[in-house]
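The values are calculated or read from the model by the stated rules, or taken from the named source; none is laboratory data. What you are looking at is a predicted structure, and each value in this text was computed from that prediction instead of being measured. Every residue, glycine among them, receives a Cβ derived from its backbone with ideal geometry; neighbour counts consider all protein chains shown. The accessibility values were calculated without ligands, DNA or RNA, using every heavy atom of the protein model including side chains. Shrake-Rupley method; radii C 1.70, N 1.55, O 1.52, S 1.80 Å.
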Amino acid sequence: MLEIKNLKARIEEKEILKGINLSVNNGEVHAIMGPNGSGKSTLASVLAGREGYDITDGEVFLRGNDILELSPEERAREGVFLAFQYPVEIPGVNSTYFLRSAVNQVRKHRGEEELDAMNFLKLVKAKMKELELAEEFLKRPVNAGFSGGEKKRNEILQMTMLNPSLAVLDETDSGLDIDALRIVADGVNRIKNQNNAQIVITHYQRLLDYIVPDFVHVLYDGRIIKSGDKTLAHDLEEKGYDWLIKNA
Amino acid sequence: MSSTTVIELANDITNAFAEITRIGPSMLPLRQAGLDRFKRSGFPTTNEEDWRFTSLKPFTEIPFEIMTDSGEQLLDQAILDEIAFSQHDTDNLVFIDGHFSDQLSQISDQPEGVTVSNLASAFDIIDNKIGLLSGKDENPLIALNDAFFTDGAWIHIPANHSLSKPVHLVFLSTAKKDGQASHSRNLIIAESNAKGTIIESHISLGHAAASTNVVTESQLEDGSNLEHIKLQDQSPQSIHLASLHSNLGKEARYAFHSFALGAQLSRNNLRMNLAKPGIDCMLNGLYMTRGSQLADHHMIVNHAAPHCDSHEYFNGILYDQSRGVFHGRILVQPEAQKTDAKQTNKNLILSEEATVNTKPQLEIYADDVKCTHGATIGELDKDAIFYLRARGLDTKAAQQMLMHGFTGEIVDRIQHNAIREELNELVWSRLENEHNLN
Ligand SMILES: Nc1ncnc2c1ncn2[C@@H]1O[C@H](COP(=O)(O)OP(=O)(O)O)[C@@H](O)[C@H]1O
Ligand SMILES: [Mg+2]
């Protein structure tokens, strides 16, 4: 699904990613953990195609195709989805209008029929119910005035509607209480199948009780310094990062 | 043909004045006082604080002619069918160059007791009401209007009555010569618990640097509820000068929406007096300018009683070398405890040469109040564009969506569904066509 080879990225002359190697296969869940400032969000942004980064080395393949030259929208249409650590508030833009435009852009690209207003509403309302989002959200501007938890669930709603082949969730669990955490985790588990993959960036082991990772990676100072299975997350929970950093 | 009288500014307006005074002799004292005041003051200059950012030079440097007659003969019904809101079921009062057109107007079955007419037809009944709300204002443009106004709307909704349909005031300018000036005057009285929707459109058919100077007085008595939508869509050469003077009674609700899309220079003075407790007053506006256009909204909201809410929301989209001016003064008097006053002015600057002057001015003499203001001047939010692109929208679609959202913030506050929809489409087609978004 995803193959990252020796990826190096700078922002304003400062090297943030210092040679990332990561390989994600279909049907896998990978967790990325690491202290603040390690470069986790930078990695997520570079995968989604945010401007402002200088990619100085390396390659990123999605299903065998190099995506570094693609625009953010082309990547989204190819099935990359980033759940933002800080979802953006867009006053004045109606949530329904936004989401339907996005869904139809992606469907069109995949050669699927665009959804009309009726069918879209039926689908989105069913998904909202699963995520325990009130229907009135559809009438409100995108993320405007949403609580932290609502914004995160809205990211999961968008993910569900867009049905991406590669979802990158950047600290979607931060700031959620245990109920909201379970709702978000259920949302991820529902889209999970043998033809897609998820990368879950988190600080906390507790999310990984619900979204069980096949691999856990520790990102520190722009490099993956340790990879393991889910027991690594438990070790980190217990011992913190210091023992790894000292060895790195 | 329109007959006009050439006058030098503040110099020899005597002939025109003599001609105008034939319209409604009972108006003579008001006119004379206005003329005298104007002669003393002349036009405001940028040395005055209230006019610092807006120079009237484009207007005052050309020969000034009062349009003492109407260009009605030049028009036919077909023109009216093309203007905004014409496809809705409204009552229409049509004014051409400040003169009422009986032929083009259409007033139907408003409820018994409700008056929807032109002002000149009622001069003898209402002469003591004209100028009551605007009279204390020092603005020389009001003095000029006092002296030269020809006609305008007279809307009177008695207590517990409602307008059965929106009233559309259509102000058409046929001016063909630079410097031609028309002066209109509106009087709106909503008695206690009266309700209504009023649309005010200003449109020019020619391309002359002609001016429209309109003064509107609106009195909203206790419990009344008025929605007032103003669309200024004049030609890019026009000068549009307007002032609104409102006095609001207990628990009155007034929603005033200003869409300033046209004119070389437009200035809206909004003067709201919140005289009694429990009022809800909203001033909501959108300006979109390009070329060398200037759109100025200058408001004073006077909180003179406790427990009143006032909200000002103005968004501007500016292209080219155009300019936007927002001046929002909120005055909270000592007795106006529990005031909730909110003011926002957001500007989207889409060219390096466009400028905005935004000036909030809070003067608060009560201690238990909530007053907030915020202003932003900037480009489209880059993070928002990336967010939309990360969901599959291309850059252009993302920009369009954000601009639509930006105008939608204002348009969506219109309560009347059909009018909101029409303005939404109008604003959007303007952005798409004139600004080449597609
Ligand atoms: N726009 C930026 N300009 C400069 N430095 C940045 C920018 N964004 C992130 N950084 C720096 O890059 C490093 C990694 O940040 P980030 O990827 O957000 O880390 P994480 O998500 O792991 O907490 C930090 O040192 C941060 O200060
Ligand atoms: Mg981060």
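Once the Cβ-Cβ distance of A:F61 and B:H373 is raised to the sixth power relative to R0 = 56 Å, the FRET efficiency obtained is 0.65. When you filter the GluC sites (Glu not before Pro) in region A:74-117 for DSSP loop state and at most 16 other Cβ atoms inside 10 Å of their Cβ, you are left with A:E112, A:E113, A:E114. Taking each of B:K346/B:K396; A:K8/A:K127; A:K127/A:K192; A:K18/B:K396; A:K18/A:K152; A:K125/B:K396 in turn, the alpha-carbon distance tops 26 angstrom for A:K8/A:K127; A:K18/B:K396; A:K18/A:K152; A:K125/B:K396. Around the Cα centre of region B:381-438, unit charges on the Cβ atoms of Lys, Arg, Asp and Glu (plus for the first two, minus for the last two) sum to a dipole of about 200 debye. For A:G39, the amide hydrogen comes within under 5 Å of no other amide hydrogen, counting only partners 5 or more places away or on other chains and with H modelled in the peptide plane. Across region B:99-152, Cα-Cα pairs more than 16 Å apart make up 55 percent of the total. Interface of A with B. Using a 1.4 Å probe and counting protein heavy atoms only, the two chains hide about 2000 Å² of accessible surface, both sides summed. Between the amide H of B:I377 and those of B:N347, distances stay under 5 Å, these residues lying 5 or more places away or on another chain, with hydrogens modeled in the peptide plane. For region A:86-101, the Karplus equation 6.51 cos²θ - 1.76 cosθ + 1.60, evaluated at θ = phi - 60°, returns couplings of 10, x, 8, 7, 10, x, x, 9, 5, 4, 5, 4, 4, 5, 5, 4 Hz by residue, with Gly and Pro reported as x. When the square roots of the Cα gyration tensor eigenvalues are ordered a ≥ b ≥ c, the ratio a/c for the protein assembly as shown is 1.5 or more and a/b exceeds b/c, which makes its shape prolate. Stretching A:N25 away from A:L121 to a fully extended chain increases their span by 31.2 nm, per 0.36 nm per residue minus the current alpha-carbon distance. Per residue, region A:1-151 exposes 47 Å² of accessible surface when a 1.4 Å probe is rolled over the protein heavy atoms with every protein chain present. A Förster radius of 56 Å, combined with the Cβ-Cβ distance separating B:D127 from A:N163, puts the computed FRET efficiency at roughly 0.20.
When the Cα positions of A:I20, B:P44, A:V60 are compared along the charge dipole of the protein assembly as shown, A:I20 comes out farthest toward the positive end, with charges on each C-beta of Lys, Arg, Asp and Glu. Contact with the other protein chains removes 20 Å² or more of accessible area, compared with the isolated chain and a 1.4 Å probe, from these residues of region A:84-105: A:F84, A:V88, A:I90, A:P91, A:G92, A:V93, A:Y97, A:F98, A:S101, A:A102, A:Q105. Dipole of the protein assembly as shown computed with +1 at Lys/Arg Cβ and -1 at Asp/Glu Cβ about the Cα centre; of B:L231, B:I364, A:I156, farthest Cα towards the positive end is A:I156. Taking θ as phi - 60° and the Karplus parameters 6.51, -1.76 and 1.60, the scalar couplings of region B:91-107 work out to 8, 10, 10, 10, 10, 10, 6, x, 10, 6, 10, 4, 4, 8, 7, 8, 10 Hz in sequence order, x denoting glycine and proline. Of all segments of chain A bounded by trypsin sites (Lys or Arg not before Pro) found in a DSSP loop with no more than 13 other C-beta atoms within 10 Å, the longest spans A:111-248.
Using only side-chain charges placed at the Cβ, +1 for Lys and Arg and -1 for Asp and Glu, the dipole size of the protein assembly as shown relative to its Cα centre rounds to 1260 debye. Projecting label points 7 angstrom from Cα along Cα→Cβ for B:D50 and B:D81 puts them 4.4 nm apart. If only the Cβ of Lys and Arg carry +1 and only the Cβ of Asp and Glu carry -1, the dipole of chain A around its Cα centre is close to 320 debye. Distance between the 7 Å Cα→Cβ label points at B:D340 and B:D36: 4.7 nm.
Once the C-beta distance of B:L380 and A:H234 is scaled by a Förster radius of 51 Å, the resulting FRET efficiency is 0.65 to the nearest 0.05. Here each label is just a point 7 Å from Cα along the line to Cβ, and for A:Q194 and A:S227 those points are 2.3 nm apart.
Only one residue of B:G392, B:L402, B:Q415 has its Cα farthest out toward the positive end of the dipole of region B:381-438, where Lys and Arg carry +1 and Asp and Glu -1 on Cβ, and that residue is B:G392.
Between region A:49-113 and region B:289-305, what is the C-alpha centre distance in whole Å? A separation of 40 Å, based on Cα centres.
The HN-Hα couplings worked out from phi for region B:196-204 by the Karplus form 6.51 cos²θ - 1.76 cosθ + 1.60 (θ = phi - 60°) are x, 10, 10, 10, 10, 10, 10, 9, 10 Hz, whole numbers, x standing for Gly and Pro. Counting only complete DSSP H runs, which helices of chain B cover 20 Å or more along their long axis at the Cα atoms and score a mean Kyte-Doolittle of -0.5 or above? Qualifying helices, which must be both long enough and hydrophobic enough, are B:395-411. Loop-located chymotrypsin sites (Phe, Trp or Tyr not before Pro) in region B:342-438 (DSSP state not H, G, I, E or B) with no more than 15 neighbouring Cβ atoms inside 10 Å: B:Y365. Taking the protein heavy atoms of the protein assembly as shown in the context of the full set of protein chains, the accessible area attributed to carbon and sulfur is 45 percent at 1.4 Å. Over chain B, the hull volume per residue, using the convex hull of the C-alpha atoms, is 139 Å³.
For the protein assembly as shown, what is the mean residue ellipticity at 222 nm derived from helices alone (per DSSP H run of n ≥ 4: -39500 (n - 2.57); sum divided by total residues; nearest 500 deg cm²/dmol)? The helix contribution divided over the protein assembly as shown gives -8000 deg cm²/dmol. Annotation note: GluC sites (Glu not before Pro) in region B:133-206 located in DSSP loop regions with a Cβ neighbour count of at most 13 within 10 Å are B:E138.
Kirkwood-type hydrodynamic radius, chain A: 18.6 Å, calculated from all non-identical alpha-carbon pairs.
Which of the three applies to region A:94-202, rounded, prolate or oblate, going by the alpha-carbon gyration tensor with a ≥ b ≥ c and a/c under 1.5 meaning rounded? Judged from the Cα gyration tensor, region A:94-202 comes out oblate (a/c at least 1.5, b/c at or above a/b).
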